[in-house]
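Take a look at the structure below.
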Amino acid sequence: MSMLDGFTHEPRIAYFSMEIALQNEIPTYSGGLGVLAGDTMRSATDLELPMVAVTLVSRAGYFCQTIDADGRQKETPMQWQPGDYATPLNAKIAVIIENRTVWVCAWLYILQGHMNGRQPIVLLDTNVAENSSEDRKITDTLYGGDSAYRLKQEIILGIGGVRLLQALGFEIRQYHMNEGHSALLGVELLRRFQYPNEDLRPGESPYDIPRVRELCCFTTHTPVDAGHDRFPYDLVNRLLSDFIDTATLKHLAGDESLNMTRLALNLSEHVNGVAKRHAEVSRKMFPGYRVKAVTNGVHPYTWSSPGFVKLYDQHLPGWCHEPELLVRADGCLPDNDVLEAHQRAKILLIDKIRTLTGVSFDSQLPTLGFARRMTAYKRPDLLFSDIERLKSIARNQPFQIVLAGKAHPHDQGGKQLIEMLHRHARELSGVIGMVFLPGYDMDIARLMVAGVDVWLNTPLRPMEASGTSGMKAAFNGVPNLSVLDGWWLEGCIEGVTGWAVGDSMESENGNDAAALYNKLEQVVLPLYQNQAAWVKVMKGAICKNASFFNSHRMMRRYTTEAYIR
Ligand SMILES: *Cc1c(COP(=O)(O)O)cnc(C)c1O
């Protein structure tokens, strides 16, 4: 018996993602994209969908974040041993990079659901004895290195991934590209489906593009043009030489450079953005393509704190399989139990804050949480635009703030933001308790989204494709206070599920900051003093948002609209 028996016997949907957050100890993810990929596969597990995921083994992870006394981020590799969590697969394939043969092997990680399902996750690895020492490192560092390194990773993921699935005996009926990083898989498929030369008229493409499009679907995640991977053709030609004729590649991926998003768009029958507004923005960015919206969701069980799991199990049994049941939360959950489950989560967060920073938070004070990738458009500094104003609000209505997030090693602006937040913490000391937790990961996210009282998000519109941490908060009865962008445009019902900061038009920093201060001072903090009214909003977040913004709904939509067409 092969270890893949039970997995290879039926045609599957192959889910390709550069990053997947499988469990906290496995650093094969950097942030939202990877957590979404993990939640996608966790829901596939619960729903027992026939899927297989493909990603890189990322032996050195993304990076381990530490922060020095001045608030400067330090990065070190986050080495992990695949053998501790996964088993080596008995298959090896080759790809040609720079005219060298690069061997790719793989590990099998089994995603074990909390119900019955199991899903195979294939982790691609070039750390093979036959490879040169340089090539052995291709699958080491997630989003590390220069653009040549990145393109090599994308060759391994897209081309290597398709070949490895074939070598393992998987029959794939649909390939799902989670973001453009894996778009070269479509090029590998084109090579499989070529018309014989004698059937071609002069100038006709030898590739059966419609056939490949039938096999592929694509989720785009980036509402800014600069965020899309682009590779100059001289680099592409150097690494891939004559893998596919340049005329066809330029036709599919753009004349000036290889644009991975364009390539994926041209090779996919189903294309979607990750929220309604994001799909609109994508249609404007790429006119002529049909881009649907499948709004993201988060995995119910993973993101609910133990107290809420217990409460939901007791009052809404079956919610893990059918989170729509949470729509009944307002009538079914006793107010006191909701407050108690939240207080339990808050204590767990406060314990963690003490362990990580030595600072003691007050379990009776309203607590604001903000955690995301530290980069300019997320505007983690918006709350601190007017320190005196912030202090004066807190003098009358005290509150505390917990922050976290990593900046990409090359994002100098993001790193400066982290330093600035540490300066603000010092400026505010004595008036507002404020900590920055280092090493934002799934575990810290779980504690934060459940343990704070208000989840804050203040991105520059329309840059937030979806955002998912606010959905995690909803599962824990934590209302959002957020700029109207991404998912919150669909999830905000003012005063019912949380609150909007500003309107849904393009951002103006000054206006958004004023709107944030006013909403905090006049609406959110006063309401917190009225526990009966507050618990209503907590339940509003659960019944209106958790019941909808979950990855089970998302996967049911992918299944009926993208996978089975
Ligand atoms: C959920 C999550 C994210 C994404 O959150 P956003 O709201 O989309 O920014 C990033 N990192 C971790 C560790 C998460 O758990």
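Before moving on, here are some points about what is shown:
- Using the Cβ-Cβ distance between residue 110 and residue 48 with R0 = 25 Å, the FRET efficiency computed as 1/(1 + (r/R0)^6) comes to roughly 0.95.
- Principal axes of the chain: Cα extent on each, largest first, Å: 81, 47, 46
- Shape of the stretch 6-113, Cα gyration tensor, a/c cut at 1.5: oblate
- Spin-label model, residue 343/residue 85: points 7 Å from Cα along the beta carbon direction are separated by 3.6 nm.
- Neighbour counting of Cβ atoms within 10 Å sorts the residues 406, 152, 292, fewest neighbours leading, into 292, 152, 406.
- Here residue 92 is the anchor, and the lysines within straight C-alpha reach of less than 28 Å, apart from those fewer than 8 places off in the same chain, are 137, 152.
- Proximal charge balance of residue 558 [Cβ under 15 Å; K/R count +1, D/E count -1]: +2
- Per-selection Rg to Rh, the stretch 303-549 - Cα, Kirkwood hydrodynamic radius: 0.94
- For peptides 554-560, 478-484, sequence by mean Cβ density within 10 Å, most packed first: 478-484, 554-560
- For residue 530 and residue 391, the difference between the fully extended length at 0.36 nm per residue and the C-alpha to C-alpha distance is 47.8 nm.
- Set of the stretch 236-265 residues, backbone N closer than 17 Å to the point 7 Å along the Cα-Cβ line of residue 200: 242-253
- Lysines whose Cα lies under 16 Å from that of residue 378, excluding same-chain neighbours fewer than 8 positions away: 406, 415
- Theoretical ellipticity at 222 nm over the chain - DSSP helices of four or more residues, -39500 (n - 2.57) apiece, nearest 500: -10000 deg cm²/dmol
- Taking the C-alpha atoms only, the angle from helix 387-396 to the longest principal axis of the chain is near 50 degrees.
- DSSP bridge analysis restricted to the chain gives an antiparallel fraction near 35%, rounded to the nearest 5.
- Note on residue 310: lysines with a C-alpha under 30 Å away, same-chain residues under 8 apart excluded, are 346, 352, 472, 536, 539, 544.
- Residue-by-residue Karplus 3J(HN,Hα) for the stretch 268-285, coefficients 6.51, -1.76, 1.60, Hz, glycine and proline x: 10, 6, 9, 10, 9, x, 9, 6, 4, 4, 5, 5, 4, 4, 5, 5, 5, 6
- Where labels lie 7 Å past Cα in the beta-carbon direction, separation of residue 173 and residue 255 in nm: 4.1
- Here the stretch 146-196 and the stretch 482-501 have alpha carbon centers that stand 38 Å from each other.
- Solution diffusion estimate, µm²/s, Stokes-Einstein, the stretch 261-419, Kirkwood Rh from C-alpha pairs, 20 °C, viscosity 1.002 mPa s: 108
- Between helix 509-519 and the chain there is an angle of about 50 degrees, using the helix long axis and the longest principal axis of the Cα atoms.
The numbers here are math on the coordinates, done by the rules we state, and not lab data. As the structure is a computational prediction, the values presented were derived from the model and not from experiment. Quick reminder, even Gly has a Cβ in these numbers, built from the backbone with ideal geometry, and neighbours come from all protein chains shown.
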